[in-house]
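Structure first, then comments.
The values are calculated or read from the model by the stated rules, or taken from the named source; none is laboratory data. It should be emphasised that the depicted structure is a prediction, and the values quoted were computed from it without experimental measurement. Ideal geometry is used to build each Cβ from the backbone, glycine not excepted, and the neighbour counts take in all protein chains shown. SASA here: full protein model, heavy atoms, side chains in, ligands and nucleic acids out. Shrake-Rupley method; radii C 1.70, N 1.55, O 1.52, S 1.80 Å.
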Amino acid sequence: MTEIDLDRPVPLHSLVFLEDGDEVTIGRPDVDSYGIFPGEGAALVRRLVDGDTPREAARWFEREYGEEVDIEDIVAGLDELELIRKSGEVAAETAPVRFSGLGAALFSPVAWFGYAGVAVWGLFAMVFNADLRPTYHNIFFSDYYMVIQVGLFLAAIPLLFLHESFHALAGRRLGVRSRLRIGRRLYFIVLETSLDGLVAVPRRQRYLPIVAGLLADVLGIAACTIAADLTRHADGTLSGPGRFLLAVAFAALLRVIWQFFLYLRTDVYVLVSTVLGCVDLHGAALLMVRNRFRRLFGKQETDESALHPVDRKVARWYSWLVVVGYTASLTTFVLAGAPVLYRFVTGVIGRLTGDGVPTAQLLDSIVFGGVAIAQCAVLGWLMVRERVRARRDRRLHHVIH
């Protein structure tokens, strides 16, 4: 921790302040580190920014609000948020965000006109051609299951990156930096675009970066449908590439539907929590669920008073959605996923330990086993990382509130 003299001004980096109701977001755009402070806490930080020493700021706070403040805890919280310059460190300047111009062009009025045209064209193609409408039969574009599995996996990669690129560029046009990272939703491993700087943007400007990925998915589905229609055989039947494109479109549609599973903290969850003004709705819901179980078994409950008021209010109904959703997902895994996994594991072990197994099957088992182990390792690493971050966030929340 940075050594702080309470009788000398605190060397702070260049900070941004965004008021949102009774709260103020304070942070550094150059490293995407932010904290949400109550209005009086933000006023205290402004005194430090203006050059007051911590002791002077604490005395001002007591005169202004009639109560004492633990200024050492406040300064420690600012230090954990990396808002204080360390010895010899110069004040950071926020560099221009790359590709902001591309983001502005991607969501310009002309681009929106083009998007509308593609979406309407794709919709009309589905309406007037029954063989273009989404159905699970589209998945089976080949008689070979391995071809289906590999083909859809490879085709999903560019569409996933398109989804995340739309998120990133919608944020970068506002000057918000972005990072692509791997995340976890229950037992699903997902790609996610980090747009931490959105918390320092007025709320009405956050909506497009949040839903931009869904826009990309819709455009991808429409484009695949149009291409399938344009590549028909002369007799009007769908071509091989056309059937493959419809399979890709149906898989993308499933990903769009998945976004409405709010309990998995999808894009739609982020949109809903942003509209409602929540800070950590999912975390508050999990705390409430744990408290219900503790209450059921007569154990001491965790204090919920530290939760953000909006989170506490919304989590009263969202927590039940989390319970139902997690139950459905875990039940599906037990009834369907686990038996399939058991079949794969026993099959791999049988091949590796058996005699006279063809070389192709041995290689297939080794590759499959290696990929499965790597997935489990990534999932475990993500779980540990989430716990570390949650512990840090709880500590910071306690300090600044």
Relative contact order %, region 14-165, counting alpha carbon pairs below 8 Å whose residues are six or more apart: 13 percent
Give the carbon-plus-sulfur fraction of the accessible surface of region 138-280 in %, rounded to a whole number; probe 1.4 Å, heavy atoms of protein chains only. 68 percent
Cut-off 13 Å between beta-carbons: net charge of the residues surrounding V118, Lys and Arg +1, Asp and Glu -1: -2
Can you give the convex hull volume per residue for the Cα atoms of region 126-168, as a whole number of Å³? 88 Å³
Fully extended contour minus Cα-Cα distance, from A43 to R203, at 0.36 nm per residue: 55.5 nm
For V289 and L102 in one chain, what is 0.36 nm times their gap in residues minus the Cα-Cα distance, to one decimal in nm? 63.0 nm
State, as an integer percentage, the relative contact order of region 6-47 based on alpha-carbon contacts under 8 Å between residues 6 or more apart. 27 percent
Modelling each spin label as a point 7 Å along the Cα-to-Cβ direction, I'd like the T135/T332 distance in nm, to one decimal. 2.3 nm
Bins of 10 Å, beginning at zero and ending with the bin holding the largest distance: percent of Cα pairs per bin for region 180-325, please. 10, 29, 28, 17, 10, 5, 1, 0
With 0.36 nm assigned to each residue of separation and the Cα-Cα distance removed, D73 to W317 gains 84.4 nm
So, in nm, how far is label I157 from label D303 when the simple model puts each one 7 Å beyond its Cα toward the Cβ? 5.1 nm
When you count, for each residue, the other Cβ atoms within 10 Å and take the mean per peptide, how do 221-229, 283-291 rank with the highest first? 221-229, 283-291
Can you give me the long-range amide H partners of D20? Hydrogens built in the peptide plane at 1.01 Å from N, cutoff under 5 Å, separation of 5 or more residues or another chain. T25
